[in-house]
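Scroll down for the structure; my scribbles are underneath it.
Readers should treat all values here as calculations from the given coordinates under stated rules, not as data from a laboratory. Just so you know, these numbers come straight off a predicted model, no measurement behind them. We place every Cβ from the backbone using ideal geometry, glycine too, and count neighbours over all the protein chains shown.
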């Protein structure tokens with residue numbers, strides 16, 4: 001008899017906005033998530049590798065390398081791994097396939113759940129407004145983009161470690177303003193989500209892009225955003241019965257993850 005797996009199995013798993021190649025990538029958490037789960041299909045829903053950060057700002061750690069090797073192993077073991085490029089990695093498809101192996105590349109696809117729901121899977125930058133200033137960042141280069149991401153990270157860390165109620169309220173206000181600025185930059189439009197689903201005759205949309213995990217309806221369309229691995233450490237999973245649910249992965253460090261963190265600190 002074979003050894004029983006202790007991993008949790010799902011029909012499908014969706015992750016996005018990992019931003020490999022940046023210091024903000026929560027690679028240790030993602031690696032821990034991957035080694036504790038398995039699925040028939042793994043969808044990499046864009047901004048997995050941060051092509052905007054290629055250059056002097058490129059940041060690579062043992063944990064990020066472990067994530068790459070784990071995803072490549074999923075592909076080699078027969079898992080259907082599909083890469084759907086986002087605005088940060090659509091110009092770096094070759095790099096992604098070099099890292100993960102010859103995984104399938106689709107810019108959008110329809111996933112049919114076990115209960116028969118047709119879900120359009122797409123990164124989400126396609127729903128941005130036509131005057132979206134987000135495109136400016138790609139022309140400004142990695143230095144300017146890196147500073148914007150550092151500002152977001154600074155506000156999050158200040159909120160995390162502040163202890164006094166007064167200071168928390170001030171920092172919370174600043175953090176909220178930073179988040180609002182990033183939402184303005186993406187200019188994500190719900191009407192475009194609805195029209196995109198109608199165009200593909202889909203019952204819902206699964207995407208990433210705006211780094212905010214949520215599951216709700218936009219009129220009659222089910223909208224699910226799988227979040228990110230920069231701030232929220234969230235993934236979307238489909239149970240065997242077809243139910244879709246968001247999962248937040250905030251576990252204590254396992255020995256494997258602790259070793260990766262130590263290796264990164266030693267660099």
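Summary table
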read-out	value
Extension gain from residue 214 to residue 189, taking 0.36 nm per residue of separation minus the Cα-Cα distance	7.5 nm
Residue 70/residue 240 FRET efficiency (R0 25 Å; Cβ-Cβ; nearest 0.05)	0.65
FRET efficiency, residue 35 to residue 98 (Cβ-Cβ, R0 25 Å, nearest 0.05)	0.65
Gain on full stretching of the segment that runs from residue 250 to residue 201 - 0.36 nm per residue minus C-alpha separation	14.1 nm
Extended-chain gain in nm, criterion 0.36 nm per residue less alpha-carbon gap, residue 107 and residue 77	8.4 nm
Rounded Å value of the spacing that divides the Cα centres of region 23-61 and region 92-133	15 Å
P(r) histogram, all alpha-carbon pairs of region 74-124 included - 10 Å bins from 0, percent	24, 45, 27, 4
Distance between modelled label sites at residue 118 and residue 59, nm, 7 Å Cα→Cβ extension	4.2 nm
